[in-house]
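Note sheet for the following structure.
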Amino acid sequence: MKKSNKLVVEEEEFDEYDDQEPMSDEDRAAFEEMEQYFESSLRQFKEGEIITGRVIGISKDTVTVDVGFKSEGIINLHEFPEAERKLAIGDDVEVFLEHVEDNDGIVVLSKEKATKIKIWDELVQAYEKEAIITGTVVAKAKGGLTVDIGLKAFLPGSQIDLRPVRNLEKLINEKFEMKIIKMNKKRGNIVLSRRILLEEQRKQAREETLYKMEEGNQVEGIVKNITEYGVFIDLGGIDGLLHITDMSWGRVNHPSEMFSIGDKVNVMVLKYDREKERVSLGLKQCTQDPWIDVEKKYPVGTKISGKVVSITDYGAFVELEKGIEGLVHISEMTWSRQPKHPNKIVTLGDTVDAVVLTLDKEKKRISLGMKQIEPNPWENIEEKYPIASEVEGMVRNLTDFGAFVELEDGVDGLIHISDLSWSKKIKHPSEVLKKKENLKAIVLSIDKENCRISLGIKQLEPDPWQDMVKNYPIGTEVDGKIVKVTGFGAFAEFGDGLEGLIHISQLSSKKVSHPEKLYKVDDSIKAKVIKVDIENKKIGLSIKAFEENLDVAEIEKEQALLDQAPE
């Protein structure tokens, strides 16, 4: 009960009356009753309690509150919550009594503590009833978030969501519904959980999802995780797998090309195992299969234009439309010699023209040909390049076994290394030919079926070996030049590019152990022909026979002995 100033005056009046003259028994009884009333009024207000006072004064920064004591309490205006700062004289307010009277006779009151105590009590009730409360994230804290629920509370990182949240700062100023899972009044600690509510919602959603889960139904979900082989989609309490092969009727190199975590998607339930609670989903099944009428759209022989979407060692895949691809095999890319790799002809993203060669609707395969866009240059190849005819072309490539000569676009001919010269021993075509060199050659043979033409350069000149015995009989003297020195002798060039072997035994009239000490490349020599082997196209020369001026009979005798000697 409020102790008024009037009561104080009356008490003093009783004291004065007592000093002047004795009170009557009736007056004494009234005074004692009044004193008991005053004391009981003081006992109901204890320090550390919330009491109700009345606003009796308001200034710019303070509020004066009468709580029934000799003096009033003064409270800073900032202690009042924003919603309670529009005060008026006579308003009742709840305040916290810190001290009944201090040394200066002033009552110490706190609105802020009263508010906190009141909120704490309300939160205790919410905690005991497991009620849902709403709070606003105000800051990031160690291991979680600080949340304003009237008082500052802690939301651990593990209790924010069903899955770990990597960027906590993005949640600042967000409002969430939560539950209190722990309170400590002594420390003033409050621990929250949002995950509990999400788990309850997930459980409820799961029951609803399972109820309507039927194969063939279309359902909505959210992309939860992405792997190389597919994506996992949260259907509401249960996850389903959308395999990469069921994402599109076309080619998908990686699921991340089509999806990001958090995407909303409509998918079809392909298979549902109730016992194991496994769900297989399909996205492409939500649209019509483009292969249904493929034979009408792309009959064999149709010319198409498409984009190169994949390149392999054996060919390139071309997208005709979304969901339909055709393969251009490496052998169908060009009429000319087959390239080592398809990327020598096409690159990813190229738009190419092709012709439908075969179509297998059941296996969903289409074979395409790029070279068929142009006329086949091999169709009348025998008429254009008859055997034994002379042709012109450019050296396109050199290999260990010969040279490829381009006669026209799409038609190459091969000059084998053995057809480069009648007489010279050529180890590599680069000894006599260069890339991009223009030359003439003779058509030796044509393989129309395998698109091959054999050419020869040496055939441009008569075969010198046909008249070799006639032109170079045994005993003929020749002038030559050393072109090679070996351990068993030396090779000398003479005549019109002919080459002959001078055996070590024929290098000199004297015995020779080391031919390289006697002759060097480009040394000039004089020798006699001692052997002509037309079948194997070999000629034997002898410097010794020249130096000793041996006749034919002596040479043949010498050669017979040489043939009998071990090699």
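The values are calculated or read from the model by the stated rules, or taken from the named source; none is laboratory data. Computed from a prediction, not measured in an experiment: that's the story for all the values here. Using ideal geometry, Cβ is built from the backbone for each residue, glycine included, and neighbour counts are taken over all protein chains shown.
Scanning segment 538-567 for residues that are modelled with pLDDT of 85 or more and either among the polar types (S, T, N, Q) or exposed (fewer than 10 other Cβ atoms within 10 Å of the Cβ) (or both) yields S542, N549. Every condition in (1) touching a helix residue (DSSP H, G or I) at 6+ places or on another chain (Cβ under 9 Å); (2) part of a loop (DSSP other than H, G, I, E, B) holds for L270 except the one numbered (2). Taking the condition in contact with a Leu (Cβ under 6 Å, 6 or more places away or on another chain) and either part of a loop (DSSP other than H, G, I, E, B) or closer than 30 Å to I292 by Cβ (or both), does S367 pass? Yes: the conditions hold for S367. Residues that are of a type in the set (G, A, S), surrounded by 16 or more Cβ atoms within 10 Å (Cβ to Cβ) and under 25 Å from the mean Cα position of the chain (by Cα): does segment 312-321 have at least one? Checked against the condition, which is being of a type in the set (G, A, S), surrounded by 16 or more Cβ atoms within 10 Å (Cβ to Cβ) and under 25 Å from the mean Cα position of the chain (by Cα), segment 312-321 yields at least one hit.
Annotation note: Cβ proximity below 7 Å between a residue of segment 260-272 that is under 19 Å from L210 (Cβ atoms) and a residue that is small (G, A, S) and exposed (fewer than 14 other Cβ atoms within 10 Å of the Cβ) (sequence gap 6+ or interchain) occurs for M268/G216; V269/G216. Screening the candidates E383, E379 for the property of being assigned to a loop (DSSP other than H, G, I, E, B), exposed (fewer than 13 other Cβ atoms within 10 Å of the Cβ) and without any contact (Cβ under 8 Å) to a residue 24 or more places away in the chain yields one hit, E379.
Considering only segment 309-325, how many residues are modelled with pLDDT of 90 or more and in contact with a Phe, Trp or Tyr (Cβ under 7 Å, 6 or more places away or on another chain)? Selection size over segment 309-325: 5.
Quickly run through segment 177-218 and pick out the residues that are closer than 27 Å to G157 by Cα and among the small types (G, A, S). Result: G188, S193, A205. For segment 500-513, the candidate set comprises residues that are under 12 Å from T486 (Cβ atoms) and in contact (Cβ under 8 Å) with a residue 24 or more places away in the chain; within that set, the residue that is nearest to the chain's Cα centre (by Cα) is L501. Of the residues making up segment 158-207, those that are part of a loop (DSSP other than H, G, I, E, B) and surrounded by 16 or more Cβ atoms within 10 Å (Cβ to Cβ) number 3. Checked against (1) among the charged types (D, E, K, R); (2) surrounded by 13 or more Cβ atoms within 10 Å (Cβ to Cβ); (3) not assigned by TED's automatic domain parsing to the domain that holds I442, K424 passes all but a single condition, namely (3). Across segment 80-134, the number of residues qualifying as in a loop (DSSP other than H, G, I, E, B) and either in the same structural domain as K182 (by TED's automatic domain parsing) or at pLDDT 75 or above (or both) comes to 10.
Taken as a whole, the condition of being over 24 Å from D239 (Cα atoms), of a type in the set (G, A, S), assigned to a loop (DSSP other than H, G, I, E, B) and in contact with a strand residue (DSSP E or B) (Cβ under 9 Å, 6 or more places away or on another chain) applies to G150. Of the listed requirements (1) at negative phi; (2) charged (D, E, K, R); (3) surrounded by 13 or more Cβ atoms within 10 Å (Cβ to Cβ); (4) out of contact with any Ser or Thr (no Cβ under 9 Å at 6 or more places or on another chain), K364 misses just one: (1). When each of G497, G487 is tested for being in contact (Cβ under 8 Å) with a residue 60 or more places away in the chain, surrounded by fewer than 18 Cβ atoms within 10 Å (Cβ to Cβ), out of contact with any strand residue (DSSP E or B) (no Cβ under 9 Å at 6 or more places or on another chain) and among the small types (G, A, S), the lone residue that passes is G497.
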